[in-house]
């Protein structure tokens, strides 16, 4: 066997397992959408308080992205993935003591630890997929990986509604008369609906640890990055990148906000009046639309300018969110679920537009864009606050405004902002 063939063998074996990571973190991320209504009812929270679930989860992207990058540079891709899998599994296992204690803070801690592991996986797996083969087919491999991520976000709500929401939600009036000891016992009992699913995820992650351990000595051959580079503040003076960072912040915040309130929104009598499990199942249509739209958008982007496609999709999402907020019944439900279809191409399109023309500064620009995912921590809390003050329907205007900002960036990138 030639040296080239020997080098290609571990690459071919490693690629499918690396792609499977995209499914794993996609599934785990959207399970929060099922946790939101469960924890809201269980701990008698308002919408602002329950959105702390998203805040703690996406805060990890702000705090852990740079340490994850430093670890990657030190130990390499596969060993970074091993660390990410172990940390993510540890976060899943923390749901057990959180459930036994019956405390909201315990669940928030578990979510932060799990998200820290996911952050490490994202930092390592995205570039690794691109490196596991020829540069000519790297775009195809990344699209395949993203398709598996979208599959995870489609399956997640179905599992969440089945295993987390299957016993329904307690009405506030049912818990108001309980003594503190009885309320604590009730919370511990109901919390068991949550921990079982995360045990299963932890077991799957443990299997992946064993699989990746076989490749721990793998070293990707990459070009050595040039020392130095443009300072961060100088990079932020480039409007195309700076506005791209803002757009990533707005996009993730809008997408997560809608996903978080969707179950409760579809349960409203003025919308569909569904039970918790049925509403949770419908959330999969929101994420499934993004999966379908990714394939449609991929074909469209071969012929149309990406900035213009981004502006059209973001404008469509804003109009659908406003239409749902002002509508009622099935019409309002279909409108808000259709936002997922518009979401499909936004993240990769914003990302590619923002780093276009950065040259040797592309790695640093990419890291700055990843930090902007913290929008998923900030915007949902604002959305929850509006929901508490004015109702869930009016809260949809918060993501609608975010989408309008993204549409503006698409138009500027198309007509004004040169790379």
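The values are calculated or read from the model by the stated rules, or taken from the named source; none is laboratory data. No experiment lies behind these values; they were computed from the predicted model shown. Please note: Cβ atoms are built from the backbone with ideal geometry, for glycine as well, and neighbour counts cover all protein chains shown.
Any idea how many residues of the stretch 73-88 are more than 21 Å from the chain's Cα centre (by Cα) and either surrounded by 20 or more Cβ atoms within 10 Å (Cβ to Cβ) or touching a residue at least 24 places away in the same chain (Cβ under 8 Å) (or both)?
4
Could we say that residue 354 is out of contact with any strand residue (DSSP E or B) (no Cβ under 6 Å at 6 or more places or on another chain), in a helix (DSSP H, G or I) and at pLDDT below 95 here?
Considered against the rule, which asks whether it is out of contact with any strand residue (DSSP E or B) (no Cβ under 6 Å at 6 or more places or on another chain), in a helix (DSSP H, G or I) and at pLDDT below 95, residue 354 comes out as yes.
Out of 297, 357, 365, I need the residue that is under 21 Å from the mean Cα position of the chain (by Cα), under 28 Å from residue 65 (Cα atoms) and in the same structural domain as residue 383 (by TED's automatic domain parsing). Which one?
The conditions single out 365.
Of all the residues that make up the stretch 326-346, how many are under 30 Å from residue 305 (Cβ atoms) and touching a helix residue (DSSP H, G or I) at 6+ places or on another chain (Cβ under 6 Å)?
12
For a quick check of your reading: which helices (runs of 4 or more DSSP H) sit entirely within the stretch 40-115 and have at least 2 residues that are assigned by TED's automatic domain parsing to the domain that holds residue 210 and more than 23 Å from residue 202 (Cβ to Cβ)?
So the answer is 47-50, 52-75.
What about residue 274, is it closer than 24 Å to residue 409 by Cα, surrounded by fewer than 24 Cβ atoms within 10 Å (Cβ to Cβ) and not assigned by TED's automatic domain parsing to the domain that holds residue 158?
Criteria not met by residue 274.
Quick grid of which residues meet (1) outside the structural domain of residue 285 (by TED's automatic domain parsing); (2) at pLDDT 75 or above; (3) under 23 Å from the mean Cα position of the chain (by Cα); (4) surrounded by fewer than 20 Cβ atoms within 10 Å (Cβ to Cβ):
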{"position": "153", "(1), (2), (3), (4)": "yes, yes, yes, no"}
{"position": "174", "(1), (2), (3), (4)": "yes, no, no, yes"}
{"position": "200", "(1), (2), (3), (4)": "yes, yes, yes, yes"}
{"position": "241", "(1), (2), (3), (4)": "no, yes, yes, no"}
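Restricting attention to the stretch 205-214, does a residue exist that is buried (at least 21 other Cβ atoms within 10 Å of the Cβ) and modelled with pLDDT under 85?
Scanning the stretch 205-214, I find no residue that is buried (at least 21 other Cβ atoms within 10 Å of the Cβ) and modelled with pLDDT under 85, so the answer is no.
Would a scan of the stretch 396-406 turn up a residue that is free of Cβ contacts under 8 Å to residues at least 24 places away in the same chain, surrounded by fewer than 21 Cβ atoms within 10 Å (Cβ to Cβ) and on the phi < 0 side of the Ramachandran plot?
Scanning the stretch 396-406 turns up no residue that is free of Cβ contacts under 8 Å to residues at least 24 places away in the same chain, surrounded by fewer than 21 Cβ atoms within 10 Å (Cβ to Cβ) and on the phi < 0 side of the Ramachandran plot.
Could you please find all residues in the stretch 290-337 being part of a helix (DSSP H, G or I) and at pLDDT below 90?
Once the filter is applied, which keeps residues that are part of a helix (DSSP H, G or I) and at pLDDT below 90, the stretch 290-337 yields 290, 291, 292, 293, 294, 295, 296, 297, 298, 299, 300, 306.
Yes or no: residue 124 modelled with pLDDT under 85, under 23 Å from residue 18 (Cα atoms) and in the same structural domain as residue 200 (by TED's automatic domain parsing)?
Taking the combined requirement at face value, the residue satisfies it.
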